[in-house]
Structure formats: C-alpha cells, structure tokens
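Read through the structure below, which is laid out as structure tokens, and then see the notes.
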Amino acid sequence: MGQVINREHIAEFVNTLHKSNKTVVATNGCFDILHVGHVRYLQKTKSFADYSIVLLNSDKSVKSIKGPSRPINNENDRAEILCALSCVDYVVLFDEDSPAALLDEIKPDVYTKGADYTMDTLPEADIMRKNNTRVEFITFVEGKSTTNVINKMRS
C-alpha cells in the first residue's frame, strides 16, 4: 500500500532511494474520478522503475486548472484512493498548476506523461533534459476520461 509523503520531505526521500540504487518514476495529475484509463496508465508508469510517485494536484490546483466545479473528490480522498493501488508507492500533493518545480526538486529517473504530449509540447521538457530524466509517453485508453464520466452522470 502506498503512502502520502509531505512535499517538504519528498526530495530528500527520493535522494535516499537513489543512494540505495533504486529507480524512481514520477507522473502527475488530478486523478479526480478514478477510472480504468487511470489504472492502466499508473500500472504502465510503475513498470518503468522500482518506485512510483504520483504528483497529485491539490484541490487548489485542480480548481485553477479545471474550474470551480472541480475537483469532485477532495485531495485527501484522491490521495488515499491512489495509495490503495499496488502500482502507486508514494503520493505527494502540490498546489501549483504545473509540477515543474517539484519535478526539478525530486529529479526522477523516469517521468511519464500521456501520449497526447511530445517532447516538443511537454511543458516540463527543459527540466527533464536538464536533469537527464527519461520521458515515457503512455497511450490513453480510448473514451476513458473523468470528463466523460461526469458528462455521462449528467445525462
């Protein structure tokens, strides 16, 4: 079972893992209403390293990105649900719209992002290059998204 790590301690923790010759993969997202697309994405993410860390947008961050009606589930619930997945080792919350600063702090070995991005469109690309972080783009599951779930519930 995964655990939530405080933002202030995550860089030191990842450094400890690296000193033990363990690899770390990071990804980020809102993970508001967990669906099969999320689960497959997180399982694939975990396959790239010894430990996986989900950088989870806080409620403040989700509202800023998605609008005032989101998130549906609060940050503590979303973090607990993610921690219950065997493919998630650690979760850390962040308040910014982008995980760029946090990624620069923790310097994962691998970073995963959806295949709707490329290195040319990835906002964190410069940080990934600077820290020699490998980027893996993961194909989404067709038709599976939180927005689709919300829309289906409304109809």
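The values are calculated or read from the model by the stated rules, or taken from the named source; none is laboratory data. Predicted model only: the values in this text are computed from it and were never measured. Neighbour counts are summed over all protein chains in view; Cβ atoms, including those assigned to glycine, are modelled from backbone coordinates with ideal geometry.
What the table shows:
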item: Residue among N6, N28, N21 that alone is closer than 18 Å to E80 by Cβ, surrounded by fewer than 17 Cβ atoms within 10 Å (Cβ to Cβ) and either touching a strand residue (DSSP E or B) at 6+ places or on another chain (Cβ under 9 Å) or not aliphatic (A, V, I, L, M) (or both); result: N6
item: Qualifying residue in segment 9-16 (condition: closer than 26 Å to N74 by Cβ, modelled with pLDDT of 95 or more and assigned to a loop (DSSP other than H, G, I, E, B)); result: no
item: Residue within segment 32-48 that is on the phi > 0 side of the Ramachandran plot and not β-branched (V, I, T) present; result: no
item: Among (1) among the small types (G, A, S); (2) out of contact with any Ser or Thr (no Cβ under 8 Å at 6 or more places or on another chain); (3) not in a loop (DSSP other than H, G, I, E, B), the one test that G37 misses; result: (2)
item: Residues within segment 4-34 that are more than 13 Å from the chain's Cα centre (by Cα) and closer than 17 Å to A49 by Cβ, tallied; result: 14
item: When residues of segment 48-65 are limited to those that are surrounded by fewer than 17 Cβ atoms within 10 Å (Cβ to Cβ) and touching a strand residue (DSSP E or B) at 6+ places or on another chain (Cβ under 9 Å), the one nearest to P108 (Cα to Cα); result: D50
item: Answer residue from segment 87-127, given it is of a type in the set (S, T, Y) and touching a residue at least 24 places away in the same chain (Cβ under 8 Å) and is surrounded by the fewest Cβ atoms within 10 Å (Cβ to Cβ) among those; result: S98
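Okay, residues lined up against (1) of a type in the set (D, E); (2) not in a loop (DSSP other than H, G, I, E, B):
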{"position": "K63", "(1), (2)": "no, yes"}
{"position": "P68", "(1), (2)": "no, no"}
{"position": "N73", "(1), (2)": "no, no"}
{"position": "R78", "(1), (2)": "no, yes"}
{"position": "S86", "(1), (2)": "no, no"}
{"position": "V92", "(1), (2)": "no, yes"}
{"position": "D97", "(1), (2)": "yes, no"}
{"position": "T112", "(1), (2)": "no, yes"}
